[in-house]
Amino acid sequence: MAELRPFHLAFPVHDLAAARTFYRDVLGCGEGRSSDHWIDFDLGGHQIVAHLDPDARPQATSNAVDGHQVPVPHFGVVLRMADWEALAARVEAAGIEFGIAPHVRFKGQPGEQATMFFRDPSGNALEFKAFAHDSMLFAS
């Protein structure tokens, strides 16, 4: 098995100050380099970069998954269960509306997972999930 390496994702935001508050203060991401047009964040050891696009608008596409309309595109991290629960509490305490509230999907099936969806201030959809056992990540 190959060594797991961090991924890099660049995405548009319409307001860098709002992105900084959301990713740093709500999600707890460490902040790296930045300029007037972008900010690097550490999302669970992965480099995500918010790039300023004043015209950024969310997409409204979704797909049905286990009885919910899952927004596409979306990104996030697979967390440990305790970290997932803590993040769900922080997001709720910050008054952020869940697109799909924290719940367990595929209950009793291979790949059972805790999941939640919400959007950043620019409308980018995020999903955070956790498994009782990480071996279920690619279960079929």
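The values are calculated or read from the model by the stated rules, or taken from the named source; none is laboratory data. In this text the structure is predicted, and so the values were computed from the model without any measurement. Using ideal geometry, Cβ is built from the backbone for each residue, glycine included, and neighbour counts are taken over all protein chains shown. Remember, those area values only see protein heavy atoms, side chains included, never the ligands or the DNA or RNA. Shrake-Rupley method; radii C 1.70, N 1.55, O 1.52, S 1.80 Å.
Things worth noting here:
- Among the residues here, A82 qualifies as open to solvent by 30 Å² or more (accessible area, probe 1.4 Å), farther than 18 Å from A19 by Cα and outside any strand (DSSP E or B).
- Of all the listed residues (G95, G99), the sole one being open to solvent by 40 Å² or more (accessible area, probe 1.4 Å) and in a strand (DSSP E or B) is G99.
- Close pairs from segment 20-44: first under 26 Å from M81 (Cα atoms), partner open to solvent by 40 Å² or more (accessible area, probe 1.4 Å) and assigned to a loop (DSSP other than H, G, I, E, B), Cβ under 6 Å, at least 6 apart: F22/P121; V26/A94
- The set of residues from segment 72-100 being farther than 11 Å from A130 by Cβ and touching a residue at least 12 places away in the same chain (Cβ under 8 Å) comprises V72, P73, H74, F75, R90, V91, A94, I96, E97, F98, G99, I100.
- Test: R90 is over 22 Å from H8 (Cα atoms) and open to solvent by less than 30 Å² (accessible area, probe 1.4 Å): no
- Those residues of segment 102-126 which are in a strand (DSSP E or B) and surrounded by 18 or more Cβ atoms within 10 Å (Cβ to Cβ), in sequence order: P102, Q113, A114, T115, M116, F117, F118, A125, L126
- You will find that of S135, S140, the residue that is assigned to a helix (DSSP H, G or I), over 14 Å from F11 (Cβ atoms) and modelled with pLDDT under 90 is S135 and no other.
- Being in contact (Cβ under 8 Å) with a residue 24 or more places away in the chain, over 26 Å from A18 (Cβ atoms) and surrounded by 14 or more Cβ atoms within 10 Å (Cβ to Cβ) is a property that holds for F131.
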